[in-house]
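**Student:** Dropping a structure here in structure tokens format, bear with me for questions.
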Amino acid sequence: MSLPEPIEDGKRDNSLSYGRTPSSPASITPEDIQGWIKTVEPTFGHYFKEKYDRLKDDWEALVKEYYWNKAVYEAEINFKPKIGQTYYLYERKNGTYFLSLLSYENTGWKGYMGSFKLTPEHSWLKK
């Protein structure tokens, strides 16, 4: 099997499926892609809506985590919390908070806000 000879100007232009020179007639015609766009567009919108919803949910969780951390750090704490331990946040009648070693199940104190675990990043994870 031998290789085809290189194309020189004017030779075998009619065997090409495209024009070789700027003066050659256009043999490539643009396709009508409007049908394709109408088919793909709902998927495109769905992709960004899902992404937006995930970001919105992440943002709401971050804001909630921030406010719980703020409440715990503004609470009265009479001990040095240890990483990995669970503590219990209570609200007093006057609206102030305190952090306790004692759980609601063991004390029955009113104003129980939730249990929190101190993470290695020194943030509080609500359980």
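The values are calculated or read from the model by the stated rules, or taken from the named source; none is laboratory data. Fair warning: this is a prediction, and the values are worked out from it, not measured in the lab. Counting neighbours? That spans all protein chains shown, and the Cβs are built from the backbone with ideal geometry, glycine included.
**Student:** VAL63: at pLDDT 95 or above and among the aliphatic types (A, V, I, L, M), yes or no?
**Tutor:** yes
**Student:** Here's something else I'd like to know. Could you check how many residues of segment 69-125 are surrounded by 15 or more Cβ atoms within 10 Å (Cβ to Cβ), under 28 Å from the mean Cα position of the chain (by Cα) and among the aliphatic types (A, V, I, L, M)?
**Tutor:** 3
**Student:** Among (1) more than 18 Å from PRO120 (Cα to Cα); (2) free of Cβ contacts under 8 Å to residues at least 12 places away in the same chain, where does LYS80 come up short?
**Tutor:** Unmet for LYS80, out of (1) more than 18 Å from PRO120 (Cα to Cα); (2) free of Cβ contacts under 8 Å to residues at least 12 places away in the same chain: (1).
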